[in-house]
1. Any idea which of Leu69, Leu55, Leu89 is hydrophobic (A, V, I, L, M, F, W, C), modelled with pLDDT under 95 and surrounded by 16 or more Cβ atoms within 10 Å (Cβ to Cβ)?
2. Tally up the residues in segment 82-124 that are free of Cβ contacts under 8 Å to residues at least 40 places away in the same chain, over 21 Å from Leu69 (Cα atoms) and not in a loop (DSSP other than H, G, I, E, B), please.
3. So which residues in segment 92-110 are more than 13 Å from the chain's Cα centre (by Cα) and surrounded by 15 or more Cβ atoms within 10 Å (Cβ to Cβ), if there are any at all?
4. Could you give every pair whose Cβ atoms fall below 9 Å, whose first residue belongs to segment 5-32 and is polar (S, T, N, Q), and whose second residue is surrounded by 14 or more Cβ atoms within 10 Å (Cβ to Cβ), counting only separations of at least 6 or pairs across chains?
5. Does at least one position in segment 71-85 carry a residue that is farther than 13 Å from Leu113 by Cβ and of a type outside the set (Lys, Arg)?
6. What's the number of the only condition in (1) within 11 Å of the chain's Cα centre (by Cα); (2) of a type outside the set (Asp, Glu); (3) closer than 24 Å to Pro9 by Cα that Gln45 fails to meet?
7. Would you mind telling me which numbered condition in (1) more than 28 Å from Phe18 (Cα to Cα); (2) surrounded by 22 or more Cβ atoms within 10 Å (Cβ to Cβ); (3) aliphatic (A, V, I, L, M) Leu113 fails?
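The values are calculated or read from the model by the stated rules, or taken from the named source; none is laboratory data. Just so you know, these numbers come straight off a predicted model, no measurement behind them. Every residue, glycine among them, receives a Cβ derived from its backbone with ideal geometry; neighbour counts consider all protein chains shown.
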Amino acid sequence: MNISEKIMPKKRLFRRKFSIRKKIFGTKDKPRVSVYKSLKHIYAQAIDDVQGHTLASCSTLCKEIRRQLDGKKKTEQSKMVGLHLAGKLKSIGIKKIVFDRNGRKYIGRIKALAEGLREGGIEF
């Protein structure tokens, strides 16, 4: 396996990510919820792209939900993060969002987080 074969998946991911980002845009009333996942954790933040501010954020490292996540699978943790972020968004008066999956496929933990947001009362 040469080095170009190792680089190709990252290039494809960045190409997908930027083609998606050209089309979606968040405002204060309808922010963009950007999702990032690592091998251990998942992170989500609601971003106002007009001003460049993060309105709310949540991850599996948040102090408020950290103890509730112990012993759960990663997809269950992702759903809990989505529910917690939905609660934060509702508390600041946001009911609609634009979902940015950051070039990742809409399966597994990304889908679980989105379902958690929907269960929390947020519309896409």
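1. Answer to the check: Leu69.
2. 3
3. Passing the criteria: only Ile94.
4. Ser19/Gly103; Thr27/Asp48; Thr27/Asp49; Thr27/Val98
5. Yes, segment 71-85 contains at least one residue that is farther than 13 Å from Leu113 by Cβ and of a type outside the set (Lys, Arg).
6. Of everything listed in (1) within 11 Å of the chain's Cα centre (by Cα); (2) of a type outside the set (Asp, Glu); (3) closer than 24 Å to Pro9 by Cα, Gln45 misses just condition (3).
7. (1)
Results for (1) over 19 Å from Lys105 (Cα atoms); (2) in contact with a helix residue (DSSP H, G or I) (Cβ under 8 Å, 6 or more places away or on another chain); (3) part of a loop (DSSP other than H, G, I, E, B), shown as yes or no for each residue.
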| residue | (1), (2), (3) |
| --- | --- |
| Ile7 | no, no, no |
| Arg15 | no, no, no |
| Lys22 | no, no, no |
| Ala44 | no, yes, no |
| Ser57 | yes, yes, no |
| Ile65 | yes, yes, yes |
| Gln77 | no, yes, no |
